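To keep things clear, I will list the structure first and then write my remarks on it.
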Amino acid sequence: SKSLTREVKVIRPYLIFKVLGFDWKNCGPPDAPAVLKTLTMSPDPISIPGDLTASASGSTVVELGAPLSVSTLIYGCYWTKVSNHITQLQLCGYLCDQSSLPALMTLPLCSQGSYTLPQSIFYLPNIDLPYWLTNGDYRVQGVLGSQGKELGCLKVTLSIHSD
C-alpha cells in the first residue's frame, strides 16, 4: 500500500493592532540627569502594521555609556473570556517586571548635551504580541540607570486594541 503525505500550511491572518491614547511624562526628580523634553507621535491611533511619524528631544547632563540598565514595570487592565462563555472579566495587575534590558549595554557613548530626533517616519511591521499583552489599557514605566544610580525615568500610558 502506498502512503500519501500531504503538507498542510496553516496561515494565520495578520491582526491589526491599534495603539490609542499614547501619553508620556518624565517620572524622575526635577533635576534628573537624563530627561525627555518632547515626544510626538502620529497618527492617533497608531496602526500596527503601519507607518508611525515621530519626533523627540531630550538632554543629559552626564555621559551615557555602558553599563546602562533599564528597569521596566508594566501595569495593565485587560479583558479575558471566562471559560468558553461570552462573559468577560476585567483583570488588572502588574504584568511584567524586567530588571534590565541587555540591548542597552551596546549603545554608543552619548556625551552630555541635547539630542533631537527630527520628524521621521518609521514602518511598524506586524508583530505577535505576548498573550498577556492583549486588548486593554496599560502603563509602562522605565527607569534608566548606571552603576546603581537613577539617570532618568519615563512613564507611558496607552491602550491596545486588535481588530
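The values are calculated or read from the model by the stated rules, or taken from the named source; none is laboratory data. Remember, predicted model here, so these are calculated numbers, not experimental data. Every residue, glycine as well, gets a Cβ built from its backbone with ideal geometry; the counts of neighbours run over all protein chains shown.
Structural remarks
- Count of residues meeting criterion [of a type in the set (D, E, K, R), in contact (Cβ under 8 Å) with a residue 24 or more places away in the chain, outside any strand (DSSP E or B) and farther than 25 Å from Asp128 by Cα] in region 22-79: 1
Table: residues versus (1) modelled with pLDDT of 85 or more; (2) closer than 16 Å to Thr60 by Cβ; (3) loosely packed, with under 12 Cβ neighbours inside 10 Å.
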site: Val8; (1), (2), (3): no, no, yes
site: Leu15; (1), (2), (3): no, no, no
site: Asp23; (1), (2), (3): yes, no, yes
site: Asn26; (1), (2), (3): yes, yes, no
site: Pro29; (1), (2), (3): yes, yes, yes
site: Val35; (1), (2), (3): yes, yes, no
site: Thr38; (1), (2), (3): yes, yes, yes
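- Failed item in (1) buried (at least 16 other Cβ atoms within 10 Å of the Cβ); (2) at pLDDT 85 or above, with Pro125 passing the rest: (1)
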